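Taking it in order: structure first as structure tokens, then the write-up.
The values are calculated or read from the model by the stated rules, or taken from the named source; none is laboratory data. Small disclaimer: the values here were computed from a predicted structure and weren't measured. Cβ atoms come from the backbone with ideal geometry, glycine included; neighbour counts cover every protein chain shown.
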Amino acid sequence: MEIPTHLRSLFTADVEETEESLVIEVPKTEVDAGVIDADETYRVALLPTDSENQRPESPSQSDTHEAPQPPVEEGETRRVEIENIGDQGDGVARVDRGYVIIVPDTEVGERVAVEIEAVNQNVAFASVTERISYYD
């Protein structure tokens, strides 16, 4: 199965029945990680579980149910656009699958080249190596 690059989140959840509908709970960690916003609307795809022997294949997931690996590595250089400012005043950029990169000393809308300094499962921290003109 081909997984689109703009996939924001991938998790397993049970479908629960209420009086008038079926409910799928989204883990709070998805919101805490900045992958999704609680007040937004998203398209949802439902895939069969591995108990039906049709679990989706993804290049970032193995058959042992390991979490996807971060899409960046320490020392890597990336060009990003700062999408918003986090609670601590640092710039926030998103890359593959909505993965968050925190970039100090940046402003919303700024395009920068960054060097990844530290990588965690849900977020990476980077420093600016170059400020890129809007027209480049």
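A few points about this structure:
- At least 3 residues being of a type in the set (V, I, T) and closer than 25 Å to V31 by Cβ is the threshold, and among the strands (runs of 3 or more DSSP E) wholly inside the range 89-136 those reaching it are 99-103, 111-119.
- Unmet criterion (only one of (1) surrounded by fewer than 17 Cβ atoms within 10 Å (Cβ to Cβ); (2) closer than 30 Å to F11 by Cα; (3) of a type in the set (A, V, I, L, M, F, W, C)) for A93: (1)
- G34 vs. criteria modelled with pLDDT of 90 or more and either farther than 16 Å from F11 by Cβ or assigned to a loop (DSSP other than H, G, I, E, B) (or both): no
- Residue within the range 104-112 that is loosely packed, with under 14 Cβ neighbours inside 10 Å, at pLDDT below 95 and of a type in the set (G, A, S) present: yes
Yes/no matrix, rows are residues, columns are (1) closer than 19 Å to E117 by Cα; (2) modelled with pLDDT of 80 or more; (3) within 15 Å of the chain's Cα centre (by Cα):
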{"residue": "T41", "(1), (2), (3)": "no, yes, no"}
{"residue": "P56", "(1), (2), (3)": "no, no, no"}
{"residue": "D63", "(1), (2), (3)": "no, no, no"}
{"residue": "E66", "(1), (2), (3)": "no, no, no"}
{"residue": "R79", "(1), (2), (3)": "yes, yes, no"}
{"residue": "E83", "(1), (2), (3)": "no, yes, yes"}
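- Cross-chain or 6+ apart pairs with Cβ under 9 Å, the range 71-98 first and closer than 20 Å to Y134 by Cα and among the charged types (D, E, K, R), then surrounded by 14 or more Cβ atoms within 10 Å (Cβ to Cβ) and at pLDDT below 90: R94/R8; R94/G34; R94/V35
- Note on the range 1-28: residues that are modelled with pLDDT of 75 or more and either outside any loop (DSSP other than H, G, I, E, B) or of a type outside the set (S, T, N, Q) (or both) amount to 14.
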